[in-house]
1. How big is the dipole moment of the protein assembly as shown about its Cα centre under a simple scheme where the beta carbon of each Lys and Arg is +1, that of each Asp and Glu is -1, and everything else is neutral? Debye, nearest 20, please.
2. Give the shape of the protein assembly as shown as rounded, prolate or oblate, defined through the alpha-carbon gyration tensor: a ≥ b ≥ c are the square roots of its eigenvalues, a/c under 1.5 means rounded, and otherwise the shape is prolate if a/b is larger than b/c and oblate if not.
3. What are the distances, in nm and sorted shortest first, from the label point of A:SER287 to the label points of the same position in each other copy, with each label point placed 7 Å from Cα along the Cα-to-Cβ direction?
4. With charges set only on the Cβ (+1 for Lys and Arg, -1 for Asp and Glu), what does the dipole of region A:108-229 come to about its Cα centre, in debye to the nearest 20?
5. Return the average number of partner chain Cβ atoms within 10 angstrom of each residue Cβ along peptide A:12-24.
6. By how many degrees, between 0 and 90 and to the nearest 10, does the Cα long axis of helix B:102-116 differ from the longest principal axis of chain B?
7. Search the structure for amide H atoms under 5 Å from the amide H of A:VAL258, placed 1.01 Å from N in the peptide plane, and list their residues when 5 or more places away or on another chain.
8. Roughly what angle does helix B:145-163 make with the longest principal axis of chain B, taking Cα atoms, 0 to 90 degrees, to the nearest 10?
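The values are calculated or read from the model by the stated rules, or taken from the named source; none is laboratory data. Because the structure is a prediction, the values reported are computed rather than measured. All Cβ positions, even for glycine, are placed from backbone atoms using ideal geometry, and neighbour counts span all protein chains on display. For the accessible areas, the whole protein counts, side chains as well, though only heavy atoms, and no ligand, DNA or RNA atoms are used. Shrake-Rupley method; radii C 1.70, N 1.55, O 1.52, S 1.80 Å.
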There are 2 protein chains.
Amino acid sequence: MEEQLTTRQVAEALSVSESSVKRWCDRGVIPTVRTVGGHRRIPLPQFLEFLQETDRKLVAPLPTSLKTSSMPTAPLGAGKASAEAQLDLQREFGQSLRDGDLATCRELALRWYAQHGGLAQLADELIASNMELLGHQWEQGEAQVYQERRGCEICSTIIHELNRLIPEVPASSPLALGCTPSGDPYCLASQLAELVLRESHWRAENMGTNVPLSSVTAAVLEKRPRLLWLSVSHIENQSAFVDSYQEMMRTIPEHVVVVIGGRGLTDELRPRLKYTAHCDNMVQLTSFARALHGRRPEITASDN
Amino acid sequence: MEEQLTTRQVAEALSVSESSVKRWCDRGVIPTVRTVGGHRRIPLPQFLEFLQETDRKLVAPLPTSLKTSSMPTAPLGAGKASAEAQLDLQREFGQSLRDGDLATCRELALRWYAQHGGLAQLADELIASNMELLGHQWEQGEAQVYQERRGCEICSTIIHELNRLIPEVPASSPLALGCTPSGDPYCLASQLAELVLRESHWRAENMGTNVPLSSVTAAVLEKRPRLLWLSVSHIENQSAFVDSYQEMMRTIPEHVVVVIGGRGLTDELRPRLKYTAHCDNMVQLTSFARALHGRRPEITASDN
DNA sequence: GCCAAAATCGTTCATTTCGACCACATCGTC
DNA sequence: GACGATGTGGTCGAAATGAACGATTTTGGC
């Protein structure tokens, strides 16, 4: 039960046509095995060998696990529980994040994406949890501030790159707008929200950090989104926040769905706010967003 | 992800014969990879680097992601002053930035890069100047805050994408570290510094925003960079800043080159700081960085 | 286990690129 | 001006590439 690639996967990874890959296989340049039905399958080790021998680099990520450069270790028996492998990946990502190793982080993220496919889980379990861990380490003096900030930069880079892996959202999709409010400089959560909403076929636009709610109101009035998300990690002045929030909710149209989330929204604060949904993580946001805007292109909007 | 060009595409973009392109590739002037069948393929980053190093201009649009859809005109006879076309591009970018039109901004930036080749000029004249303009408009009530913040997000996205157009920096290159100090949340300048330093073949690592100078010191001591940049847009407490700055300069090794820049460094403040160089923009930073670390790739000398 | 959808097969065909060669223009030197 | 060295643009048959097609296999849901 070893990993194998199809001609199409190889073609996309090298950005050449499928025809060429087939020809190369037939010529023996890429060692190939055949299924009983005659389809070509390229074992991953052979493919890596081919990459090395012809001095070729991947131009697109492989849809399965792969370490491009070194790291011949970690062969990971398939027998091993995938949950455990998942934990390993998560830990390794955290370590690379602390070390400031963007390349490894990128690779691990792509691997996670290829294996699990869900950006929301990636956002929660790879990025959010590890950044939270890094924050704890910093608070306890186990990590430097610059490591935490650099980790933010690395995650931001990866989020931007993941964005490019998502198929373009049609202009007919509903619009979602979001940001962090005044005084909240923590940009990652809002960037992640944009990412997972796009994955769920929303036309998501992140307005960034530190946006006064009065300006959010203006944005909503002008762009008329279907959904508005607010990521609140930190609040400077609670009562001022509640006031401006209530003012915003009075002004924007009724039909705008407001989703809020973030550590800043304590159990005590939330009852004072009116909103459509509260999300603790990106998995919740995704499932809510999909419930609102089913991603079926097909009709029959009834039931399930 | 990483696009590749054929000899014909390059030839048309430069309006030279295909034979010449092939010869240049074979001589190593344009780094080339080969398909399995022996066809030449030029990775986009290498091509852009070639453009820049030989001071060549694009005369026809590239058939890749840099397609020009939004501007049906612009056949740009060499007769028309390119300076004027440049201004048009600059203005159009600013407009799209205000409108939150990422796609158009991306296109314009790529076009600028392909035509003028210098990321530093792009950073100064497209991004910095337009963000400054947007800031002014906001101050004078001509633009909403959210438009300014969104503009930041768009620019950040574009910077991340431009990073992928730069050929990978060899691990033997000198290391550059940088960030913005405590209380300064303005991330773009530092991201631009990272970008243009990479373009000049530095191994640049941006540590992000809001990093206490004490932690910067720790980073320098641990990673031992050759260059340290500080982008200072805003200072909360001047005397505290000067104190921590001087403390940092006392602690880090002598041989570390310290480059500072940003609006926050007023004429009055600068004399109180010790530094290697002060830069008002990215063009200056680039020329300084290149003086320090020459970028000439060695000779031809191969052939036979 | 069965069925429909999706992916891959082998093949053919038009287009592009290769490598090699040649004609011509532009230099700098004698 | 003759000369060689060098760079450019063009042509040619051979080879590689990429896209198309109907037929077959694999996949995934029930």
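1. For the protein assembly as shown, the charge dipole is close to 1780 debye.
2. Working: a/c = 1.39, a/b = 1.14, b/c = 1.22.
Note, shape of the protein assembly as shown comes out rounded.
3. The answer, with the shortest distance listed first, is 5.9 nm.
4. Working: 9 positive and 14 negative charges, 97 e Å.
With only Lys, Arg, Asp and Glu charged at Cβ, the dipole is about 460 debye.
5. Numbers: counts 0, 1, 3, 5, 6, 0, 0, 0, 4, 1, 0, 2, 3.
Across A:12-24, the average partner-chain Cβ count within 10 Å equals 2.
6. Compared with the principal axis, the helix lies near 70 degrees.
7. Close amide H contacts, sequence-distant or interchain: A:LEU228, A:THR276, A:ALA277.
8. Orientation of helix B:145-163: about 50 degrees from the principal axis.
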